[in-house]
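Here is the structure we will look at.
The values are calculated or read from the model by the stated rules, or taken from the named source; none is laboratory data. Fair warning: this is a prediction, and the values are worked out from it, not measured in the lab. Note that we place each Cβ from the backbone using ideal geometry, even for glycine, and neighbour counts take in every protein chain shown. We work out accessible area using only protein heavy atoms, side chains counted, and drop any ligands, DNA or RNA first. Shrake-Rupley method; radii C 1.70, N 1.55, O 1.52, S 1.80 Å.
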Amino acid sequence: RQAKRDNRFAVAYSQGMDEQYLRRLQIVQALPSAVREHRLQLHFQPKLSCQSGQVIGVEALLRWRDEQLGVVRPDEFIPLAEQTGEIQRITRWVCAAALDQLQLWHEQGFDLTLAINLSALDLQWPELVEFVTTATHQRGLSPASITLEVTESAVMVDPEQAILRLQELREAGFKIAIDDYGTGYASLAQLKRLPADELKLDRSFIQNIATTPEDETIVRSTILLAHDLNLTTVAEGIEEDAAWQVLKRLGCDLVQGYYFSRPLAAAQFERWWRDYHGENSNA
Ligand code: C2E
Ligand code: MG
Ligand code: MG
Ligand code: MG
């Protein structure tokens, strides 16, 4: 009987593997036309001043809903796009679409900065700097209003190459953020060498910060360290007021999270901004 059960488990397990494999295969096949036909979408999540609660900018986040596959999360398709080389086309589309939106917002009087996520592979693309610089200037935007986010682990793939590329981007006037900080095993010596302006504390340290003293300790010392290195600190993944209050007390600079807003399509974001703004000025 035991053998039979084990066998059934083995079959279920391998079917699960097949399903996963099949989905990955379908994603790889469907992605290129989704990119070409502009069926990817950008959503925008506000970044706010931690102390004042004022909205200072947005982070652009990719969304993809495919007819057959349903919602495909960026965590699922970005790694595959890196493997197939599709990532470069995706990055170009994301930059163009996000910068178009920022240009529109600036014309409409929304005083916002923009953050764009780059993948590890983008840092190995020699024309990256020229591409984003041209795309930014073409729209009459200043690189100073644009932050390029790279994850700590992306930097660690090839730190020497990453440092060079990030330096070029900074020399062109862009701001650099180290994303998901605390999960990628960069040593303090490496952190000191990174040409960065902003450190985004991974949400795994933030989510339970109000109830877990160890998380508060880690975040407190990371904020002190970041400030010593002249880095702006951003806490991501704030889901409740209690977490925000702790971060205010710890002197964090910027905050992001569902507590303020989920990532929203551009028109929805504008509505959210007006509501939030109105509420704040009445308070
Ligand atoms: P990320 O850059 O660290 O983005 C933050 C992620 O946390 C987003 O997930 C966002 O929706 C989510 N988030 C924000 N606030 C909260 C919160 O309060 N609670 C929780 N539980 N989650 C929150 P998303 O949009 O699924 O993106 C996942 C990752 O995919 C991003 O992590 C980024 O690494 C990557 N990604 C997204 N868009 C792009 C893109 O245009 N290009 C590249 N290369 N990567 C992207
Ligand atoms: Mg990010
Ligand atoms: Mg992050
Ligand atoms: Mg992330």
Within 20 Å of the chain's Cα centre (by Cα) and within 15 Å of GLY53 (Cβ to Cβ): is that true of GLY278 in this structure? no
Just checking, does segment 233-254 include any residue being among the hydroxyl-bearing types (Ser, Thr, Tyr) and surrounded by fewer than 19 Cβ atoms within 10 Å (Cβ to Cβ)? no
Where ALA186 falls short, out of the listed (1) farther than 25 Å from GLU82 by Cα; (2) more than 15 Å from ligand 2 (Cβ to nearest atom); (3) small (Gly, Ala, Ser): (1)
Could you grab me the full set of residues in segment 63-93 that are within 12 Å of ligand 1 (Cβ to nearest atom) and touching a strand residue (DSSP E or B) at 6+ places or on another chain (Cβ under 6 Å)? ARG63, TRP64, VAL71, VAL72, PRO74
Starting from segment 146-159, take each residue that is at pLDDT 95 or above and list its partners that are within 13 Å of ligand 2 (Cβ to nearest atom) and assigned to a helix (DSSP H, G or I), counting only C-beta distances under 7 angstrom and pairs at least six apart or across chains. none
Take segment 213-224 and flag every residue that is among the aliphatic types (A, V, I, L, M) and within 11 Å of GLY182 (Cβ to Cβ). ILE218, VAL219
THR151 is checked against (1) within 15 Å of ligand 1 (Cβ to nearest atom); (2) loosely packed, with under 15 Cβ neighbours inside 10 Å; (3) hydroxyl-bearing (Ser, Thr, Tyr) and fails just one. What number does that condition carry? (2)
Return the total of residues in segment 88-114 being within 16 Å of ligand 3 (Cβ to nearest atom) and touching a helix residue (DSSP H, G or I) at 6+ places or on another chain (Cβ under 9 Å). 1
Evaluate segment 209-224: report whether one residue or more is under 23 Å from ARG165 (Cβ atoms), within 16 Å of ligand 1 (Cβ to nearest atom) and open to solvent by less than 50 Å² (accessible area, probe 1.4 Å). no
When you scan segment 188-196, do you find a residue that is of a type outside the set (Lys, Arg), over 18 Å from the mean Cα position of the chain (by Cα), under 26 Å from TRP105 (Cβ atoms) and open to solvent by less than 50 Å² (accessible area, probe 1.4 Å), even just one? no
Which residues, taken from segment 109-123, are in contact (Cβ under 8 Å) with a residue 40 or more places away in the chain and either in a loop (DSSP other than H, G, I, E, B) or open to solvent by 50 Å² or more (accessible area, probe 1.4 Å) (or both)? PHE110, LEU112, ASN117, SER119
For the list (1) under 26 Å from PHE110 (Cβ atoms); (2) out of contact with any strand residue (DSSP E or B) (no Cβ under 8 Å at 6 or more places or on another chain); (3) open to solvent by less than 20 Å² (accessible area, probe 1.4 Å), I need the number of the one condition that ILE163 fails. (1)
Sole exception among (1) part of a helix (DSSP H, G or I); (2) within 16 Å of the chain's Cα centre (by Cα); (3) hydroxyl-bearing (Ser, Thr, Tyr) for THR133, by number: (2)
